[in-house]
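Data block below; observations after.
The values are calculated or read from the model by the stated rules, or taken from the named source; none is laboratory data. It should be emphasised that the depicted structure is a prediction, and the values quoted were computed from it without experimental measurement. Using ideal geometry, Cβ is built from the backbone for each residue, glycine included, and neighbour counts are taken over all protein chains shown. Areas reflect the complete protein model, heavy atoms only, side chains present, ligands, DNA and RNA absent. Shrake-Rupley method; radii C 1.70, N 1.55, O 1.52, S 1.80 Å.
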Amino acid sequence: MTDGPNLLGDYVRARRELVTPEQVGIPVMGVRRVPGLRREEVAMLAGISADYYLRLEQGRDRNPSVQVLESIARVLRLDEDATAHLLLLGADRPRRHRTRPRPRKETVPSGIAKLVATLPLPALVEGRYFDVLAANTLATALSPRFTAGANRLRSLFLDPAEQALYPYWEGAAGGMVAGFRESVGTDTDDPRFIELVGELSLASPLFSRLWARHDVQACEAASKHIEHPQVGGLQLNRERLSIDGAPGQTLVVYHPDPGTDSADRLALLASAIQVSVRT
């Protein structure tokens, strides 16, 4: 067995268990003892030997070709983001001399920090592990968990006040976990990652179930509904912009459509902040 975590094998096994025989045109006869597809079924449909596929899942072969991985991705019905993640795992090389690395401190570029502070919209900077690295006062007014030092995953899964902001938070949780896995990629030996996943896996059964699925999805622009306790319902567009010179960091900005009730309510929230500051 090769040294190091078996990221590729863990991923294809988890995804294999989520694909039903009916989805790939395999007739079901009798009782099946495994969820999803059998290993030999994936191998047959991908055009590779069952023994070779078994070696991939067990981590005894970590150098598959791109063609093999793309064939497996097709059988497992992976979308573009998930296929890119599979190829990344297949390109990863085991580290022979593994030592526990030091936590990597993420520092927001000074120009971005100044921009966030002066933007007239809720804005924050997220790190690669969804830590909030910087936030302006309007972002914190939108959610008190939008503040430097908080973690978006921990807030969503463990903080009832944060969950109350999102009427369908459990549905959104899957997308956040999938985005987290895409953000981390193969960099799973960072102590920050190990600590966060371990904590959430123990404290939140929902996180544990979602994490075991190995879903991968890039975090992109989206429309978010927030039930704010002071100003009511807000329908906001969320933009996510990569920050040059700060790998893994993202500028997140929320903005309403002009002329809507949400625009008026966000303006009311901003006015309340100004009054509070003056007094």
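Give me the number: length gained by fully extending GLU70 to ALA161, i.e. 0.36 nm times residue separation minus the C-alpha to C-alpha distance, one decimal in nm.
Stretched out fully, the GLU70 to ALA161 stretch lengthens by 28.5 nm.
Using protein chains only and a probe of 1.4 angstrom, how many square angstrom of ASP131 are accessible, to the nearest 10?
20
Roughly how many nanometres apart are two label points built 7 Å out from the Cα toward the Cβ at VAL24 and GLN235?
4.1
Determine the distance separating the Cα centre of region 228-279 from the Cα centre of region 127-162; give it in Å without decimals.
Between the Cα centre of region 228-279 and that of region 127-162, the gap is 13 Å.
Just flag the trypsin sites (Lys or Arg not before Pro) in region 102-137 sitting in loop per DSSP whose Cβ has no more than 16 other Cβ atoms within 10 Å.
In loop regions of region 102-137 (DSSP not H, G, I, E or B), the sparsely surrounded trypsin sites (Lys or Arg not before Pro) are ARG104, LYS105.
Taking 25 Å as R0, compute the FRET efficiency from the Cβ-Cβ separation of VAL31 and ARG213 and round it to 0.05.
E(calc), rounded to 0.05, equals 0.55.
Can you tell me the length gained on complete extension of the stretch LYS224 to THR137, counting 0.36 nm per residue apart and subtracting the Cα distance?
Values: separation 87, 0.36 × 87 = 31.32 nm, distance 1.92 nm.
29.4 nm is the gain from fully extending LYS224 to THR137.
Using alpha carbons only, how many angstrom separate the centre of region 58-93 from the centre of region 1-43?
Answer, in whole Å: 14.
How far is it, in nm, from the label point at ALA14 to the one at LEU54 when both lie 7 Å from their Cα along the line to the Cβ?
Label-label distance for ALA14 and LEU54, simple model: 2.5 nm.
If you take every residue apart from VAL28 with its C-beta less than 12 Å away from the C-beta of VAL28, what net charge results, scoring Lys and Arg +1 and Asp and Glu -1?
Spelling it out: positives minus negatives among the neighbours equals 0.
What does the charge count near ASP51 come to, summing +1 for each Lys or Arg and -1 for each Asp or Glu among other residues with Cβ under 13 Å from its Cβ?
0
Round to the nearest 0.05 the FRET efficiency obtained for ALA172 and ASN63 when R0 = 35 Å and r is the Cβ-Cβ distance.
Numbers: r = 37 Å, r/R0 = 1.07.
The calculated FRET efficiency here is 0.40.
Grab the alpha carbons of the chain, take their convex hull, and tell me the volume per residue in Å³. Working shown, then result.
On the way: hull volume 46.2 nm³, N = 279.
Once divided by residue count, the hull of the chain is 166 Å³.
Which whole-number percentage describes the relative contact order of the chain, with Cα contacts under 8 Å and a sequence gap of 6 or more? Walk me through the intermediate numbers first.
Numbers: 411 pairs, mean separation 44.8, N = 279.
Relative contact order, the chain: 16 percent.
At 1.4 Å probe size, with no ligands or nucleic acids counted, give the accessible surface of ARG77 in Å², nearest ten.
130
Give me the three principal axis extents of region 24-96 from the C-alpha atoms, as integers in angstrom, largest value leading.
44, 26, 20
Probe radius 1.4 Å, ligands and nucleic acids left out: which of THR83, THR107 has the largest accessible area, and how do the rest follow? Intermediate values should be presented prior to the final figure.
Details: THR83 30, THR107 95 Å².
Sorted descending by solvent-accessible area, the residues read THR107, THR83.
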